[in-house]
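Scroll down for the structure; my scribbles are underneath it.
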Amino acid sequence: MTTFSTSTPSILLQNLKMNSSEQPGPWLNSSTLLPMKSSSLGVSCFTMTFGAISNLTALGILAKSRVRFRRPSKSPFLLLTVALLLADLAGHVIPGAFALYLHTDQINQMKAVKPTKVFCQIFGASMVFFGLCPLLLGFAMAVERCVAITRPFFHAAMVTLGHVWRVVLLLSSLAFVLAILPLFEVGTYTTQFPGTWCFLPIHGPRSTADTNLALAFSCLGLTALTFSLLCNILSGLALLQARKKSHNVNTKSAARCTRRASSTSSTFSRSLNVEMMVQLAVITVVSCVCWSPFLIHILVMQFKQRTSTQEKDGFILLGLRMASWNQILDPWVYILLRKAVLIRVCCATVTENRSFADSHRQAFMLQ
């Protein structure tokens, strides 16, 4: 999903163009509904372009480093990472194109124009699908790493690329089915404030199907985030325990000579596990920070009576903007938290500290 911007109006608008086939949302009853400024369009274009470039850059780096993931135990994580980046990329381009269309339409007609029902249904379906996919794929990545670290022999025997492909298809199908249900008149999608995006009804009158779909969306997302956190905690504890054991083991000098090759291979595998674990942990934390306000607000609104519409609309729009940044930050987590980058940062820090200490030592000697 891409970022949707609003701007402060300069004049009041009248004669709002509405589609009679769809009931107006609560915010459409206001006489102060106003169009977007061109600056909002520029911000949306920049966010969409920056997100797409970030994900393409991460995919390119991942393609160059695929040699490091050739081992059967590491290939499933590579496949899930590629699927996550592709979902983030499509989640920026497709819903972003719909949002830009509404932005340009409002600017060209100089009034807030309500999109047609068919357009809103397709736009809302893409928002739900590309919103759930990254969360479910992040959950699958956390489970895969947890099994690989805590049960390595079971992972090597049972978790294959074929199984991971099936998991990706299953999770994508789950998000797809939930997204297209309103297209078959099980629930509906409505235009949301300020008229530049469509989603499941959150405020105001809604049917039982609308409420159930909104609950399913928020509960699925929150469940995926919760279990991702738990799996990452278990994986982190297992890695710390393994590191502690490796430090406590006293190897003999003869064993070192005969096991040098295997020790080198084990060290490489362990460092790669740590690298993947760090990336996954940061991705999970970023997802929790970006998505939790939006998902929790949707969940709470399903059990509350209608109160202040303006306050709800402002908060849900803020939550959407935060959620959209998750798909921008995901690729940068992978780009910046690679082993090569971390080594360069550490070496630069050590060099800077040494030069700082040398300069102070020389200054002290000159005194």
Worksheet, complete the sentence: Residue count, the range 178-198, condition at pLDDT 90 or above, within 24 Å of the chain's Cα centre (by Cα) and part of a loop (DSSP other than H, G, I, E, B), comes to 1
Worksheet item: For the range 176-201, how many residues meet the condition of being among the aliphatic types (A, V, I, L, M) and surrounded by 22 or more Cβ atoms within 10 Å (Cβ to Cβ)?
Response: 2
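State whether one or more residues within the range 269-292 are part of a loop (DSSP other than H, G, I, E, B) and either out of contact with any strand residue (DSSP E or B) (no Cβ under 8 Å at 6 or more places or on another chain) or modelled with pLDDT of 95 or more (or both).
Applying the first criterion (part of a loop (DSSP other than H, G, I, E, B)) to the range 269-292 yields none.
Taking every residue of the range 269-292 in turn, none turns out to be part of a loop (DSSP other than H, G, I, E, B) and either out of contact with any strand residue (DSSP E or B) (no Cβ under 8 Å at 6 or more places or on another chain) or modelled with pLDDT of 95 or more (or both).
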Worksheet entry | Residue tally, condition in contact with a Leu (Cβ under 8 Å, 6 or more places away or on another chain) and open to solvent by 20 Å² or more (accessible area, probe 1.4 Å), over the range 210-231 | 5
Fill in: Inter-residue pairs, beta-carbon under 7 Å, first open to solvent by 10 Å² or more (accessible area, probe 1.4 Å) and in the range 110-133, second among the basic types (Lys, Arg) and modelled with pLDDT under 95, 6+ apart
111/17; 113/17; 114/17
Worksheet item: Looking at (1) within 30 Å of residue 156 (Cβ to Cβ); (2) modelled with pLDDT of 85 or more, can you tell me which one residue 66 breaks?
Response: (2)
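The values are calculated or read from the model by the stated rules, or taken from the named source; none is laboratory data. A quick note: this is a predicted structure, and the numbers were derived from the prediction, not measured. No Cβ is skipped: glycine too gets one built from the backbone with ideal geometry, and neighbour counts run over all protein chains shown. The accessibility values were calculated without ligands, DNA or RNA, using every heavy atom of the protein model including side chains. Shrake-Rupley method; radii C 1.70, N 1.55, O 1.52, S 1.80 Å.
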